[in-house]
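Notes follow the structure.
Since every read-out is calculated from the coordinates, none of them should be taken as a lab result. Not measured: the values here are computed from a predicted model.
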């Protein structure tokens, strides 16, 4: 599943640590989400989308799944 967390974070000039603090998660969680190694829980996905003023389906697009995933 493709996500746009890194793209949106960098557009806003935020560090991974700043985003993690704003979302009340660890920096490692942000890194793992950005790298696609971790799918956030539904409540966290909503918090991320709300933080960036987007919908969940805009932030996380299941149609963008890579082959073999």
Quick calc of log₁₀ I(q)/I(0), the stretch 2-54, Debye, one scatterer on every Cα, no solvent, q values 0.13, 0.17 1/Å, result -0.24, -0.42
With the 8 Å Cα cutoff and a minimum separation of six or more residues, the chain has a relative contact order in percent of 43 percent
Taking Cα atoms, the helix 42-51 axis meets the longest principal axis of the chain at an angle in degrees (rounded to 10) of 60 degrees
Summing -39500 (n - 2.57) over every DSSP H run of at least 4 in the chain, dividing by its residue total and rounding to the nearest 500, the 222 nm mean residue ellipticity is -14000 deg cm²/dmol
